[in-house]
C-alpha cells in the first residue's frame, strides 16, 4: 500500500525482523540498529544513507526524499525479536540510517511504538534525530531510561539558520532543535548534541564550532561526538550541486579530496579534533552540571 502527499510517496512494506546486526570496525560500540523508515523527507544534501535507495533501483538524489518506505509492522517484528531466547538485551541504536522522527512518524507512530516495546522488554536504547517530534515521546523515553537505559542524540551541524536551511532543506531549524533538547532534559531524558557532520570549509570554523557547543551547553546538553563529513558515491550529486550553488570555490577542493577517499585526510581529522577539544576546554565552565563530560572520539554513521 502506498500513500502520497504533495511531494512524497510513502510505500508500506512488511519486514521479517526489526533489528539489523551491525558489524563494522568504524562503529565498535554499535551492535544492533533499528530504522523504522527507509528514505527521509529531510532531504539533507550530505546524507550518506542515500545509497540505500540504489539497492531498490531508485535515484538516490531525487527519490531519497520523495519515496519513503514505511516498515508498517516494525513494532510487532521488534517484539518478536526481543522475545527470542537468544536475545541478551543488548543496546539498540535507533535512527542510524534515516531519521526515526521524520514527518511520516506523525502518521505511523512506529518509533513511538518501538520505544514502548523496548521499555516493555527492558532493552536499553539510543536514538539519533534532528526532529522536534521527539518531544512527543519524552515520557516514554524517560521511563525507558529508568527501566533499562536510554540516550537521545540531537544531530546539529550548524546553528546558522540560513546555512542549515541550505544543508537540511526540510528539517526543523537548529533553534527549534535546541529548544527541544532543553525540554527533553527538563523531562528527565538524557540528551546530548552531535556535531554531525562537520563539513570542511563550511561548518568547521572555530567560532562556528564554539557557537554550537556553547548553544548545546546553554540548553542543558552535553556534546556526544563530532563526525567529519564522509563522502559516499550516492551523495556526490546532491552535495556537489549544493557546492556549485552556494560554495563554488570549494567544488574543486572537494572533488580533489573526495575523488580518492571517503574521508578527509587524516591530518585534517586530527586538526579538527584538536580544534573541538580546544573549544571544549575553553567552554568547560558552561558544561551542564547534571551531564558529565564524555569523550568525543566515538563516531556513529549518521544519515541526518
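One residue stands out among those in the stretch 1-46 that are modelled with pLDDT under 85 and not in a loop (DSSP other than H, G, I, E, B): the one that is surrounded by the most Cβ atoms within 10 Å (Cβ to Cβ), which is 3. Evaluation of residue 133 against the conditions (1) outside any helix (DSSP H, G or I); (2) at pLDDT 95 or above; (3) surrounded by fewer than 19 Cβ atoms within 10 Å (Cβ to Cβ) shows that the sole unmet condition is (1). Considering only residues in the stretch 53-82 that are out of contact with any helix residue (DSSP H, G or I) (no Cβ under 8 Å at 6 or more places or on another chain) and at pLDDT below 85, the one that is nearest to residue 9 (Cα to Cα) turns out to be 66. Being modelled with pLDDT of 90 or more and touching a strand residue (DSSP E or B) at 6+ places or on another chain (Cβ under 6 Å) is a description that does not apply to residue 117. When the stretch 90-101 is limited to residues that are part of a loop (DSSP other than H, G, I, E, B) and surrounded by 13 or more Cβ atoms within 10 Å (Cβ to Cβ), the one that is farthest from the chain's Cα centre (by Cα) turns out to be 91.
The values are calculated or read from the model by the stated rules, or taken from the named source; none is laboratory data. Bear in mind the structure is a predicted one, so any value in this text is a computation, not a measurement. With ideal geometry, Cβ positions are generated from the backbone for all residues, glycine too; neighbour counts draw on all protein chains shown.
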